[in-house]
Each structure stands twice: as C-alpha cells, then as structure tokens.
Amino acid sequence: MKTQVAIIGGGPAGLLLAELLHRHGISSVVLERQTREHVLSRIRAGILEQTTVDVLREAGLATRMDAEGHEHDGMRIAWAGRDDFFIDCAKYQGKRFMAYGQVQIQEDLFAAADARGATVLTEALDVTPHEMTGERPFVTFHHNGDDVRLDCDYIAGCDGFHGVSRKSIPATVLREFEKAYPFGWLGILSRTPPLTDVTYVNHPRGFALASQRTAMLSRYYIQVPLEDRIEDWSDDRFWGELTRRFPPEMARRIVTGPSIEKSIAPLRSFVVEPMRHGRLFLCGDAAHIVPPTGAKGINLAVSDVYYLSRALAAFYRDGSASLLDGYSAMALRRVWSSERTSWYLTNLLHRFPTSSEFDQRAQESELDYLKGSVHAQAALAEQYAGMPFESA
Ligand code: RFL
Ligand code: PHB
C-alpha cells in the first residue's frame with residue numbers, strides 16, 4: 001500500500017487529521033488497533049474550546065454538534081461555606097464553549113470518513129513505524145490475517161498515551177516531563193437534566209464537578225483515592241458523595257438517576273519534547289497528557305493536528321518544510337500553556353492528602369483572591385478559554 005501520510009491511531013486526533021488533510025488534497029491511511037465499536041464506547045471529553053469548535057465548523061464537521069451541543073460562556077467555581085462565582089470567558093475573552101461528547105465527535109468523524117470512502121483500517125495489529133529518519137518511511141502491520149507494508153512520505157503518531165509511536169522514538173532523543181497526582185476522578189454519565197453551569201467544587205471531602213452533554217444528559221465527577229475500585233461505588237454512594245460536596249442550594253438542584261457509564265481515571269501531567277522524530281510527528285495524547293481539570297485534553301489534540309495539517313499542506317503545496325520544521329516548537333507552546341492551566345486548576349480545586357494546614361490556608365486565600373478580583377478572573381478566563389492558534 002502507498003499513501004502520503006500514514007496515520008497511526010483512529011481517535012479524535014487521527015480521524016480529524018485525516019479529514020483536514022483530505023481538505024488540502026493530501027491522501028492518508030488511518031491504522032486503528034481497536035474495533036470501531038470499541039473506539040465509540042470510550043466516554044471521555046466533553047467540553048470544546050472555541051478554537052476546536054471553529055476547526056470543526058471550518059472542516060464541515062459541525063452540523064450535528066451545532067444542533068445537539070450546548071453552547072455556554074464559562075465555568076462556575078464553588079467551595080464549601082463560601083459564595084460561588086462564574087468565570088465568564090465570553091465577557092472577558094469573547095469566546096464560548098460547546099458541550100459535546102467525544103463519542104459524538106468520533107461518530108461524526110467516522111461518518112465523514114465513510115462518506116468520502118476514506119481508508120480507515122480498524123483492528124490493524126502490531127503497527128510498527130520504520131525508517132522514520134530516512135527519506136522513505138513505511139509502516140508495517142497485520143490486517144485480516146495479512147502482513148501489510150504501507151509506504152508513505154510522513155507518519156503521524158496519533159495513537160494516544162499507550163500507543164507505539166512515541167515508544168518507537170529512541171529514548172536518547174526524547175525528554176519526558178511528568179507529574180502524577182495522588183487521586184483519581186470517578187465519573188458517571190446519567191440521563192438526567194444537568195445543572196445550568198459547568199461547576200467545579202472544592203470541598204473538604206474532595207473535588208467535585210458537574211458537567212453536561214445535552215439537555216437530558218449529565219456528566220459528574222468526584223475526586224477519589226487512587227486505590228478505589230469501580231465496584232466500591234454504587235450509584236447511590238456516588239450521588240450521596242457528590243451532593244455532600246456541592247453547596248446545599250446547588251445539591252438540591254442536582255437530578256439523580258441510574259448511571260449509564262461509570263469509570264475511574266488517574267490524574268497525570270505528561271509531556272514529551274520534541275514532538276517530532278525525522279518524518280514521524282506526534283499529535284494529541286501520544287505526546288502529552290493533562291489532568292482533566294481544565295478540560296484541555298481533546299482541545300490540545302485538535303490544535304496539534306490543526307498545526308500539522310497546515311504544515312503538511314504548505315509542504316505539498318510549495319515544497320516548503322519550514323512549518324514542518326517548526327511544528328514541534330509551535331505545538332509545544334500551546335501544550336505547555338494548557339499543561340500549566342490544568343496543573344494550576346488541579347492544585348487549586350482538589351484536596352491533597354499531603355497538604356499541611358499552611359497549604360490549605362494558601363489554597364483558600366487563592367480562591368478568595370480569584371473571587372474578589374476581576375483581574376484574576378480575566379486572567380483565568382483567558383487560560384480556561386484556551387490560547388489562540390499562532391499564525392503560520
Ligand atoms: P486517543 O483518544 O487515546 O486515541 C488514540 C487511538 O489510537 C489507538 N491506538 C493504536 N492504534 C494502532 N496501533 C497502536 N499501537 C495503537 N495504540 C493505540 C487507540 O485505540 C485510540 O483509538 O488519543 P487522541 O486522539 O490523541 O485524543 C485525545 C483525547 O482522547 C484525550 O485527550 C481526552 O479524551 C482526555 N480525556 C479528557 N479530556 C478532556 O478534555 N475532558 C475529559 O473529560 C476527559 N476525560 C480523558 C478523559 C481521557 C481518558 N483516558 C485516556 C483514560 C477520561 C479518560 C478515561
Ligand atoms: C466533562 O464534561 O467530561 C468535563 C468537563 C470539564 C472538565 C473535565 C471534563 O474539566
């Protein structure tokens with residue numbers, strides 16, 4: 001097989017990259033290890049930044065999102081015993097957000113790929129990139145019992161944190177930056193009307209979050225110890241704990257119901273530099289992980305593939321490799337900005353088992369400052385809304 005860009009991984013990064021390249025007249029083949037059903041069963045992100053919404057709209061991928069998603073202006077912060085307040089990104093930044101699930105984005109991307117007869121090979125096993133630093137890279141894999149070789153000009157590693165792309169780069173070339181947090185998030189999805197605002201709560205019992213997908217679909221999370229298992233958390237126990245952490249007046253407005261999904265995810269910050277090795281480019285979770293506190297994960301995957309598609313388009317259009325050469329540095333500037341915001345919000349809003357009383361007072365003072373200062377709110381609004389893309 002032969003294509004211009006071999007894309008490893010059919011998550012949001014890989015499938016969106018294929019669509020953006022197609023719009024520039026560049027061919028690609030997507031190699032996904034899992035089945036389509038499996039990819040569509042992963043309930044993950046839900047809040048899209050304005051830049052992400054704009055990319056999806058410009059790529060003609062927004063019809064269902066615009067019909068079913070829920071646009072909103074910012075997020076609310078509440079904490080035990082104090083008044084809550086709203087970080088208004090529309091007011092300070094002129095930017096809005098869209099609540100629209102990652103599952104729906106994946107469905108829309110598969111539908112777009114089907115509609116144009118794109119080559120997306122699922123259950124592609126033992127995918128291995130070769131000759132990344134040479135002129136003629138290729139990828140080998142097993143598919144339907146056959147050994148396949150895919151020749152290409154470039155390889156995009158869009159295969160998530162556990163993928164093969166990053167691991168195929170020599171350790172001497174990559175620098176890793178990592179931070180693990182001493183807790184996880186237990187999340188549930190339920191067919192109940194959500195609270196009006198995406199609301200982050202700091203409570204002595206731990207962090208809690210109310211989010212949304214549609215008018216009749218809610219997403220809630222609570223901070224739990226890393227040792228907790230999903231079997232420990234019945235729906236009743238979850239709702240009891242969630243509503244104890246919300247201020248009473250908000251807790252009364254939370255509509256409970258059976259969960260239709262429940263999972264625990266550990267929190268981690270992780271970045272590799274550079275995001276390129278020869279003709280292999282890393283995008284999305286393959287290169288970086290953010291703790292979910294800033295809702296940045298999928299938005300970074302989208303900005304990476306936006307930058308990479310623009311760089312590949314320039315290369316195929318006029319032979320200029322300068323944007324490809326600048327890809328890693330440009331992508332990493334936005335990555336580090338979101339890493340910093342997610343780390344800051346994680347520290348601000350969670351209860352750390354190792355915190356001293358001093359740490360606790362400092363955290364409360366930070367929250368008071370944020371609540372009382374329009375300057376602090378405008379600064380957080382700028383970061384939460386996400387940095388604009390750099391021009392080419
Ligand atoms: P993905 O979505 O992990 O997709 C990678 C794809 O590559 C495939 N793959 C391979 N394919 C071929 N060969 C191999 N060797 C392969 N190895 C892996 C995988 O099957 C998969 O289909 O990465 P991508 O595209 O970079 O997208 C990133 C986002 O998915 C991610 O940033 C967010 O979902 C992160 N995240 C969240 N982000 C938010 O903004 N808000 C959230 O609420 C939120 N919740 C979450 C999350 C991530 C989670 N993970 C990864 C455990 C909740 C969870 C549980
Ligand atoms: C979600 O809706 O899943 C969500 C919202 C905000 C976050 C993380 C996840 O910070």
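The values are calculated or read from the model by the stated rules, or taken from the named source; none is laboratory data. Keep in mind that this is a model prediction, so the values were computed, not measured. Neighbour counts are summed over all protein chains in view; Cβ atoms, including those assigned to glycine, are modelled from backbone coordinates with ideal geometry. Accessible surface is based on the protein model in full, side chains and every heavy atom, while ligands, DNA and RNA are left aside. Shrake-Rupley method; radii C 1.70, N 1.55, O 1.52, S 1.80 Å.
How far, in nm, would the chain grow between Val255 and Ala321 when pulled straight, counting 0.36 nm per residue and subtracting the alpha carbon separation? Numbers along the way, then the final one.
Numbers: separation 66, 0.36 × 66 = 23.76 nm, distance 5.37 nm.
Stretched out fully, the Val255 to Ala321 stretch lengthens by 18.4 nm.
Given 20 °C and 1.002 mPa s, how large is the Stokes-Einstein diffusion coefficient of the range 84-152 in µm²/s, with Rh as the Kirkwood radius over Cα pairs?
Values: Rh = 16.3 Å.
Translational D for this selection: 131 µm²/s.
With runs of 4+ DSSP H residues as the only contributors, calculate the mean residue ellipticity of the chain at 222 nm using -39,500 (n - 2.57) per run, divided by the residue total and rounded to the nearest 500.
Numbers: 12 runs with 143 residues, N = 392.
My calculation for the chain gives -11500 deg cm²/dmol from helical runs alone.
Toward the positive end of the charge dipole of the range 162-286, about the Cα centre and with charges on Cβ (Lys, Arg +1; Asp, Glu -1), which of Ala210, Pro247, Cys283 goes farthest? Going by the Cα projections, it comes out as Cys283.
Computed over protein heavy atoms with a 1.4 Å probe, the carbon and sulfur contribution to the accessible area of the chain reaches 51%. Against the main long axis of the alpha-carbon atoms of the chain, helix 102-115 sits at an angle near 30°. Note on the range 110-210: dipole from Cβ charges, positive end direction compared against Gly157, Leu189, Ile169; the farthest Cα belongs to Leu189. Once the 1.4 Å probe is applied to the protein heavy atoms, the range 26-81 comes out at 42 Å² accessible per residue.
Whole number please: convex hull volume per residue, Cα atoms of the chain, in Å³.
Working: hull volume 56.0 nm³, N = 392.
Expressed per residue, the convex hull around the Cα atoms of the chain is 143 Å³.
Phi-derived couplings, Karplus 6.51 cos²θ - 1.76 cosθ + 1.60 at θ = phi - 60°, listed residue by residue for the range 288-296: 7, 10, 10, x, x, 4, x, 6, 9 Hz, with x used for Gly and Pro. Just to be sure I understand: with springs between alpha-carbon atoms less than 10 Å apart, which residue in Thr243, Thr63, Thr140 has the highest mean-square fluctuation in the Gaussian network model of the chain? Comparing Thr243, Thr63, Thr140 in a Gaussian network model of the chain, the most mobile one is Thr63. Looking at the range 202-355, the accessible area is 38 square angstrom per residue; that uses a 1.4 Å probe and ignores ligands, DNA and RNA.
Each residue of the range 343-349 was assigned a 3J(HN,Hα) from its phi angle through the Karplus expression (A = 6.51, B = -1.76, C = 1.60, θ = phi - 60°), giving 5, 4, 5, 4, 5, 5, 9 Hz with x at Gly and Pro.
Do any chymotrypsin sites (Phe, Trp or Tyr not before Pro) in the range 129-226 lie in a DSSP loop with no more than 15 other beta carbon atoms within 10 Å, and if so, which? Each step should come with its number before you reach the end.
Numbers: sites: Phe138, Phe141, Tyr154, Phe161, Phe177, Phe183, Trp185, Tyr200, Phe207, Tyr220, Tyr221; in loops: Phe161, Phe207.
Taking the range 129-226 and a limit of 15 other Cβ atoms within 10 Å, the loop chymotrypsin sites (Phe, Trp or Tyr not before Pro) found are Phe161.
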